[in-house]
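Participant: Below you'll find the structure I mean.
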Amino acid sequence: MILYYFFRAVEFCLMLLPYALRKAFFTGLASLAYAVDRQHRAVIRRNLEIAFGKNVGEAEEKTIARYCYRNLLLNFLQVLENQRMTPQRQAELVTFANRDIVDRAREAGRPVIFVSGHFGNWELGATAIASQIMPTVSIHKQLNNPYFDRYLLASRSRLQMHMAEKHGAVKHLTRALKKGEAVSLMIDQNIRPRESIFVDFFGTQVTQTSAPAFLARKYNAAVIPVFIHTDNEKHYTVRFEEEVPVPHTENAEEDIRVATQRQSDVMERIIREEPKFWFWCHRRWKGGSKGIYEA
């Protein structure tokens, strides 16, 4: 509790400052974290090696690693900003590309499942979709500290991004789809094998949630990948990718595997296009390849 109230006091002081100074504070913290956090720098190096082999030079690796810390801290800042964000201000920051992909699904009366990853300013992107396009339901893994947990939930839900507990996730998502609400899921995190299936990601096996494919097949939902991009960290573009087709054959298990692999392929393509924006400090390949991080 003491830590939480200290955080709120710091937040109060930060919010009295111009945005440029708030941003400078967090980017400064990111530079400090990069300098002292050898453990996660090693994870980033290993991930880049798994994904690209020896094709990433030392200078490029350093650039990607530095931006990984910067992007993480800017997302933390975005959580604070979202506490005061209005839809009008969001509309000034964010534009949407390929919105017709979503419109076609809605006009056909189909539920929508947005799939994305920890790429760019994901906190801004997720809440912008919920606020500007359509309300969404997403899965929330409860934080250990209940005060910070409530703070994070409030930051997202006030912008129409409704959060459901991870426990019983499929039940929550099913209810949302039946009500015609959109579902938003992150698909780029390592999860336990019993909760996932194995797919290929940059040529190496990983675990990935099959929930989007399972739900899309059952409820004829449109699986639409979406990612947020920026050139200057001032204006952002939320870009919708073409719908990921989900097969409907007599072999449901294979249909779900194929559709989940297709989602992984889209994620890989987006990362290859702009690698520095992805969350490289996560042990993404741990569940699919035992011992891959031991060295």
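Participant: Have a look at GLU233, GLU243 and point out the one that is in contact (Cβ under 8 Å) with a residue 24 or more places away in the chain, surrounded by fewer than 17 Cβ atoms within 10 Å (Cβ to Cβ) and closer than 23 Å to GLN132 by Cα.
Facilitator: Criteria check complete, one pass: GLU233.
Participant: Considering only segment 246-262, how many residues are surrounded by 14 or more Cβ atoms within 10 Å (Cβ to Cβ) and in a helix (DSSP H, G or I)?
Facilitator: 9
Participant: Let me ask something additional. When segment 174-184 is examined, which residues are found to be more than 16 Å from ALA105 (Cβ to Cβ) and within 17 Å of the chain's Cα centre (by Cα)?
Facilitator: If the condition is that a residue be more than 16 Å from ALA105 (Cβ to Cβ) and within 17 Å of the chain's Cα centre (by Cα), then no residue fits.
Participant: Which members of segment 1-57 meet the condition of being among the charged types (D, E, K, R) and more than 22 Å from PHE201 (Cβ to Cβ)?
Facilitator: ARG8, GLU11, ARG22, LYS23, ASP37, ARG38
Participant: Related question: Among helices (runs of 4 or more DSSP H) lying entirely in segment 33-106, which contain 2 or more residues that are touching a His at 6+ places or on another chain (Cβ under 9 Å) and either closer than 17 Å to TYR236 by Cβ or of a type in the set (A, V, I, L, M) (or both)?
Facilitator: Passing ranges, in order: 58-82, 87-93.
Participant: Look through segment 252-295, keep the residues that are over 17 Å from the mean Cα position of the chain (by Cα) and hydroxyl-bearing (Ser, Thr, Tyr), and return whichever of them is farthest from ALA213 (Cα to Cα).
Facilitator: TYR293
Participant: Only residues that are of a type in the set (Lys, Arg) and open to solvent by 80 Å² or more (accessible area, probe 1.4 Å): list them for segment 49-77, please.
Facilitator: Selection gives LYS54, LYS62, ARG66.
Participant: Here's a follow-up. Give me a count of the residues in segment 98-115 that are of a type in the set (Gly, Ala, Ser) and open to solvent by 20 Å² or more (accessible area, probe 1.4 Å).
Facilitator: Total satisfying the criteria: 2.
Participant: Working only within segment 1-23, note down all residues that are open to solvent by 90 Å² or more (accessible area, probe 1.4 Å), part of a helix (DSSP H, G or I) and hydrophobic (A, V, I, L, M, F, W, C).
Facilitator: Selection gives ILE2, LEU3, PHE6, PHE12, LEU21.
Participant: So, in segment 144-203, of the ones that are in contact (Cβ under 8 Å) with a residue 12 or more places away in the chain and of a type in the set (Lys, Arg), which residue ends up most open to solvent (accessible area, probe 1.4 Å)?
Facilitator: LYS178
Participant: If you don't mind, another one. Which one is most open to solvent (accessible area, probe 1.4 Å), of the residues in segment 24-43 that are under 23 Å from the mean Cα position of the chain (by Cα) and hydrophobic (A, V, I, L, M, F, W, C)?
Facilitator: LEU29
Participant: Just a yes or no: is a residue in segment 263-278 assigned to a loop (DSSP other than H, G, I, E, B) and either at pLDDT 95 or above or open to solvent by less than 30 Å² (accessible area, probe 1.4 Å) (or both)? Reasoning before the result, please.
Facilitator: Looking only at segment 263-278, we keep the residues that are assigned to a loop (DSSP other than H, G, I, E, B), and these are 274.
Next, from what is left, pick out any that are either at pLDDT 95 or above or open to solvent by less than 30 Å² (accessible area, probe 1.4 Å) (or both): 274.
Scanning segment 263-278 turns up at least one residue that is assigned to a loop (DSSP other than H, G, I, E, B) and either at pLDDT 95 or above or open to solvent by less than 30 Å² (accessible area, probe 1.4 Å) (or both).
The values are calculated or read from the model by the stated rules, or taken from the named source; none is laboratory data. Every value quoted in this text rests on a predicted model; they were computed, and no experiment measured them. For neighbour counting, all protein chains shown are included, and Cβ atoms are generated from backbone atoms with ideal geometry for every residue, glycine included. Only protein heavy atoms, including side chains, enter the accessible area calculation; ligands, DNA and RNA are left aside. Shrake-Rupley method; radii C 1.70, N 1.55, O 1.52, S 1.80 Å.
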